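So the structure is just underneath, and the comments pick up after that.
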Amino acid sequence: MTVKRRAIALCAAALLLAGMPLRAQAAEAAGKEEVVYINLNPDGSPDTVDVVNIFDLPDGGQIEDWGAYSSVRNMTTTDPLTLADGRVTGQAGPGRLYYEGRLEDAQLPWTIGVHYYLDGAEVDAADLAGASGALRLHLTAEKNPACAGRYFDDYALQISLTLDGDRAAAIDAPGATQANVGADRQLTYTVLPGKGADITLSAQVTDFAMDAIAINGLPLTLDVDVDDGELVDKLAELQQAAADLDDGAAALSGGVDQLESGAGAVQDGSGTVGTGAAEVQYGAAALAGGIQALNDGAAAYQESLTALTGQSSALTEGSAALLAGLTQLQQTLAQPEAAMGQLTALSEASTALSEAVGTLAEGVAALQEGLGTAGVDTVALQTLIDGNNAAIEALTPYVAMMADVQKVIDLLGQDNAALSAVMSLASGLDTVAAGAAQLQEGFNAFSAQAATLSGGLGTMQEGLSGSGLTAAVDTLVEGATQLDAGLAAYTAGADLLDEGFGTIAQGAADLAAGTGTVTAGAASLQSGASSLATGAQSLSDGMDDLRSGTGALAEGTAALREQTDGMDQKVAEGIDGMLAGLTGSGEKPVSFASEKNGQVDAVQFVIRVPAIEKPAPAAEEPAPAEDAGFWQRLADLFR
């Protein structure tokens, strides 16, 4: 911390602040001082100017002094002083010598004006004595450019006046230091070096009178410590803060560049999302149509399976009857006395079997047709799922910037879940179709065997009595046995197929019922994509304002940094300059009496504006004494 000591000189400061009259004091060291006594007229113009010169002569001796005096007088001794052509000489003993010289036409450092107003009208000071009313006093002190020397710039003025408390009330004196001295009110004004005075005071007066106004002029020299270290340290902190702020503004501007680039990417991505959302919405509509077709096909397939399994009982019963009849025929042929009625029953059973086989063939055909109707393009579904995943990956980095992006991602995820369910159903349908194909293949073999069996029955009826009948019946029994085993396997598979496909059909129905959610989700996705595009455009537009604002901020902080650079030194210099203005130049004054005297130890001014008081009543002249006679005068001698 830096502590600077600055001297602000005030000679006889204690006397001034106490309002006591100033008197000349000699310096301890040998030299000369001047006290200038100035009596002003009531309006402030100079009346008389007297200089009291004070010499400190420890050893006595000859003095020589200069001044444009009209007269001089020795104030210490009766020794004469010589005045010739502005030169004062004389002999002095040891100690101090005081002599007074009167200056004619002297130029004072200050031009002083005093004006009085009573009830708003300007009046002469003489007319105020004993007056009553609203008083206003206006006193000014300005620099007199005709006066040589730096007195105005280096000297302070102390202006003091006293108002009688019994004569003045409601006193208003802005800028004055006021003190009560008994019943009186003392007003003191301090005018700093280089500053003029402009004083106005007002009061309500009764039978007005006022003591003289005292004005003292002297160099202001107060010895004080001014600690500006803390202020300078704070200014250094301010300079560093301004530099840090400028660096931060530059970093912010760089960050805005990156943010602006990201905003552009968001805007471009929002267009991609919007396009993808439109495709998703279109695909969702197509998906809804496909799912509905799938549901219809699954329902038809389920209906065919139900019809098919409904014939299973007739098939198995017919096959069993056929096998039983053939077995009986085989046994009958072994007995020549077999009756033709049994052959007729066998033929009827064969006809019923043929009809059941036809029904079975029709059910299988319906099943195949249903499978064709429910066909699903799994490749297309997988492409749509991959597109959704790509959109989710592109949107994920912007979730923190826009809340609506997460909604879009959630909708895409729900869409993928629905598509995966469709693909799983399609895979199950493929398995069902494969099983149906195997069933069809088995039925084809069965149908061929049934045809062979039917033909064998006809041949048997025509040649019942032939020698090959027994062999034909044996062949029929063998075929019927195989047919019955195939029918048993077939009906078991049909039952399992019907049971398993029931779950698939229910899933297709549920999926069809959920297509509304998928479609609504796709619409929400499209709406969200539109909002995302609008928000991205707003973000892009806002970036322009942000760019402008950060640019202005950077310029402002740079200017602040430049203006605060070196501020601590500038403020310290400013404080020095300000205090220098208060204390003056600090140089020793020159002689007021004459520049030929050069520098002197001290020069002081004691200025007086005359009092306002009633004139004293004229003294009565004594009556002339009567001439006493001789005897009377003689008697008076003895009294």
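The values are calculated or read from the model by the stated rules, or taken from the named source; none is laboratory data. Since the model is a prediction, treat every value here as computed from it, not as a measurement. FYI the Cβ positions are ideal-geometry reconstructions off the backbone, even for glycines, and counts take in every protein chain you see.
So that you can scan it fast, the table gives a plain yes or no per residue for (1) at pLDDT 90 or above; (2) outside the structural domain of LEU139 (by TED's automatic domain parsing); (3) in contact with a helix residue (DSSP H, G or I) (Cβ under 9 Å, 6 or more places away or on another chain); (4) of a type outside the set (Lys, Arg):
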residue: GLU587; (1), (2), (3), (4): no, yes, yes, yes
residue: GLN599; (1), (2), (3), (4): no, yes, no, yes
residue: VAL609; (1), (2), (3), (4): yes, yes, yes, yes
residue: LYS614; (1), (2), (3), (4): no, yes, no, no
residue: PRO617; (1), (2), (3), (4): no, yes, no, yes
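Tell me yes or no: at least one residue of the stretch 113-135 is touching a Phe, Trp or Tyr at 6+ places or on another chain (Cβ under 7 Å) and farther than 30 Å from GLN204 by Cβ. No, that holds for no residue.
In this structure, does ASP79 turn out to be over 20 Å from VAL35 (Cβ atoms), touching a Pro at 6+ places or on another chain (Cβ under 9 Å), part of a loop (DSSP other than H, G, I, E, B) and charged (D, E, K, R)?
Details: over 20 Å from VAL35 (Cβ atoms): yes; touching a Pro at 6+ places or on another chain (Cβ under 9 Å): no; part of a loop (DSSP other than H, G, I, E, B): yes; charged (D, E, K, R): yes.
No.
Out of all the residues in the stretch 102-112, is one or more under 60 Å from the mean Cα position of the chain (by Cα), part of a strand (DSSP E or B) and not β-branched (Val, Ile, Thr)? Taking every residue of the stretch 102-112 in turn, at least one turns out to be under 60 Å from the mean Cα position of the chain (by Cα), part of a strand (DSSP E or B) and not β-branched (Val, Ile, Thr). Among the residues of the stretch 163-187, those that are assigned to a strand (DSSP E or B), surrounded by 17 or more Cβ atoms within 10 Å (Cβ to Cβ) and among the aliphatic types (A, V, I, L, M) comprise LEU163, ALA168, ILE171, LEU187. Listed by first and then second residue, the pairs with beta-carbon distance under 9 Å, at least 6 apart or on different chains, first residue in the stretch 155-181 and closer than 16 Å to ALA214 by Cα, second surrounded by fewer than 19 Cβ atoms within 10 Å (Cβ to Cβ) and basic (Lys, Arg), are ALA156/LYS195; LEU157/LYS195.
Counting only residues that are among the aromatic types (Phe, Trp, Tyr) and in a loop (DSSP other than H, G, I, E, B), how many does the stretch 189-212 have? Break it down stepwise before answering.
Narrowing the stretch 189-212 to residues among the aromatic types (Phe, Trp, Tyr): 189, 208.
Subset that is in a loop (DSSP other than H, G, I, E, B): 208.
Matching residues across the stretch 189-212 total 1.
On the given criteria, is PRO94 touching a strand residue (DSSP E or B) at 6+ places or on another chain (Cβ under 8 Å), surrounded by fewer than 15 Cβ atoms within 10 Å (Cβ to Cβ) and touching a residue at least 12 places away in the same chain (Cβ under 8 Å)? In short, yes.
Exactly one residue out of ALA203, ALA183 is closer than 30 Å to PRO615 by Cα, small (Gly, Ala, Ser) and modelled with pLDDT of 95 or more: that is ALA203.
Could you say which residue among GLY165, GLY196 is farther than 27 Å from ASP127 by Cα and not basic (Lys, Arg)? Write out each step before concluding.
Numbers: GLY165 fails: farther than 27 Å from ASP127 by Cα.
The conditions single out GLY196.
Scan the stretch 532-548 residue by residue and report those that are buried (at least 16 other Cβ atoms within 10 Å of the Cβ) and not hydrophobic (A, V, I, L, M, F, W, C). Hit for the stretch 532-548 is GLY535, nothing else.
Matching residues to (1) modelled with pLDDT of 90 or more; (2) assigned by TED's automatic domain parsing to the domain that holds PHE152; (3) surrounded by fewer than 16 Cβ atoms within 10 Å (Cβ to Cβ):
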| site | (1), (2), (3) |
| --- | --- |
| THR2 | no, no, yes |
| ALA7 | no, no, yes |
| PRO21 | no, no, yes |
| ALA29 | no, no, yes |
| ASP47 | yes, no, yes |
| VAL51 | yes, no, no |
| THR89 | yes, no, yes |
| TYR98 | yes, no, no |
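Here is the figure for the stretch 54-76: residues that are of a type in the set (A, V, I, L, M) and either part of a loop (DSSP other than H, G, I, E, B) or surrounded by fewer than 12 Cβ atoms within 10 Å (Cβ to Cβ) (or both) total 2.
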